[in-house]
Amino acid sequence: MASNNFPSQSHLLVIIIFITTLLTPITTNNTSPQPWNILSNDNFAGKLTSASSSVEAAAIDFGHVTKILPSAVLNPSSVQDIIDLIKLSFDSQSSFPIAARGHGHSFRGQAAAKDGVVVNMRSMVNEDRGIKVSRTGLYADVDTAWLWIEVLNKTLELGLTPVSWTDYLYLTIGGTLSNGGISGQTSRYGPQISNVLELDVITVIFPRNFIGKGEIATCSNDTNSDLFYAALGGLGQFGIITRARIKLELAPKRAKWLRFLYTDFSEFTRDQERLISETDGLHFLEGSVMLDHGPPDNWRSTYYPPSDHLRIVSMIKRYRVIYCLEVAKYYDETSQHSVNEVRGMIKCLPLYPKKMYFMR
Ligand SMILES: Cc1cc2nc3c(=O)[nH]c(=O)nc-3n(C[C@H](O)[C@H](O)[C@H](O)COP(=O)(O)OP(=O)(O)OC[C@H]3O[C@@H](n4cnc5c(N)ncnc54)[C@H](O)[C@@H]3O)c2cc1C
């Protein structure tokens, strides 16, 4: 007999259809795609290309697992270009799939548009505009085509940094906000999508009525909140995010950076959980696994002095798997004492306590 808590077959069908919808590139209509017709449209002169070099580049991402060819690539120079493209598809009898592509660091074709148009967001980057920092408001208004490293460099000029990061900063704002954006700050501040105050989104599929006409809407927790929460983590299925207001904080002056190696998984996770639950604990906490696979490059060897590589390799060979806990505590002249407390918080094998000066 089926349990009441277990989804019925019809529920499962709805869930499967919903997930399939999410994983399908945006299509503004159900008719067959014919994006090549728009190549002759004057609005996109010089911006829309079907050159094989552009189309081939847009067909592949960082994962190199899939190759999904679009018919054309749009290199927009303004938000209006993207609006025009979506409207054209929406109004047309022969609509086509459209996908935003940030830095193409997806693993399996998430930014692809089969037989459609890939929007190369990076062509919108303009050195003279696109990042406005409010020091008093502690936020930055950012065009989503920018990379996190570029935003960081800009905010640091005013002594500020984003609150939540990814480990790797060569990803676009739009790309990570369409996913989640996690790093060692997540346990303290939440992922990047929890540290956004406002978005501008060109609607493609509006969650309530499933109509996307290519209209631009500003949304936040208080205004158009359905669209706001659908676009964040929405893999570009609900709209193309063109601007994000990102929370900032004062840049730390220094950081104590420590790495601890564990051979016992329970001890490792117990320490992680305890440190995360400390109310005024660490500013960064991340765990990783080091396996007996290949060269030291596989376990972020740059984190350790070359003179210690042999020692670590022999540990990995002996235990087959080692767990690395990486933590950081920010401090300045007035809070130096708090750094010494960090080591007391962790009862394990401190292999690499190392003071690192972070920024200024
Ligand atoms: C080397 C490497 C390191 C990574 N490190 C981390 C990490 O530390 N933390 C982490 O969380 N993730 C990490 N990732 C995963 C990464 O965050 C995602 O793959 C992210 O989507 C890549 O950003 P991108 O700019 O390359 O986006 P793309 O791959 O170009 O696009 C990703 C998705 O977002 C959509 N999209 C892109 N721009 C927009 C936009 N403006 N509006 C709406 N939708 C849009 C695309 O259609 C696609 O669905 C890493 C990936 C790699 C390859």
Just how large is the dipole of the stretch 131-250 about the Cα centre, in debye to the nearest 20, putting +1 at every Lys and Arg Cβ and -1 at every Asp and Glu Cβ?
80
Classify the stretch 85-241: rounded, prolate or oblate, from the alpha-carbon gyration tensor (a ≥ b ≥ c, eigenvalue square roots; a/c under 1.5 rounded; otherwise prolate if a/b is larger than b/c)?
prolate
Percent carbon-and-sulfur accessible area, the stretch 216-272, ignoring ligands, DNA and RNA, probe 1.4 Å
46
How many lysine pairs are close in the stretch 96-253, with Cα atoms under 20 Å apart and the two 8 or more places apart or on different chains?
4
Euclidean distance between Cα centres, the stretch 32-103 to the stretch 217-288, Å:
32
The stretch 239-283 - charge dipole about Cα centre, Lys and Arg +1 at Cβ, Asp and Glu -1, debye rounded to 20
480
Please work out the average accessible area per residue across the stretch 86-193, using the 1.4 Å probe convention, and give it in Å².
42
If DNA, RNA and ligands are ignored and the probe is 1.4 Å, what is the ranking of Phe96, Phe62 by accessible area, most exposed first?
Phe62, Phe96
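Which of the peptides 115-123, 83-91, 128-136 is most tightly packed, and how do the rest follow, judged by the mean count of other Cβ atoms within 10 Å per residue? Present the calculation step by step, with values, prior to reporting the outcome.
On the way: 115-123: 23.6, 83-91: 20.2, 128-136: 12.4.
Highest-to-lowest ranking by the protection proxy: 115-123, 83-91, 128-136.
The values are calculated or read from the model by the stated rules, or taken from the named source; none is laboratory data. This one's a predicted model, so the numbers in the text were calculated from it and none came from an experiment. Don't worry about glycine lacking a Cβ; one is built from the backbone with ideal geometry, like all the others, and counts go over all protein chains shown. Keep in mind that these areas ignore ligands, DNA and RNA; they rest on the heavy atoms of the full protein, side chains included. Shrake-Rupley method; radii C 1.70, N 1.55, O 1.52, S 1.80 Å.
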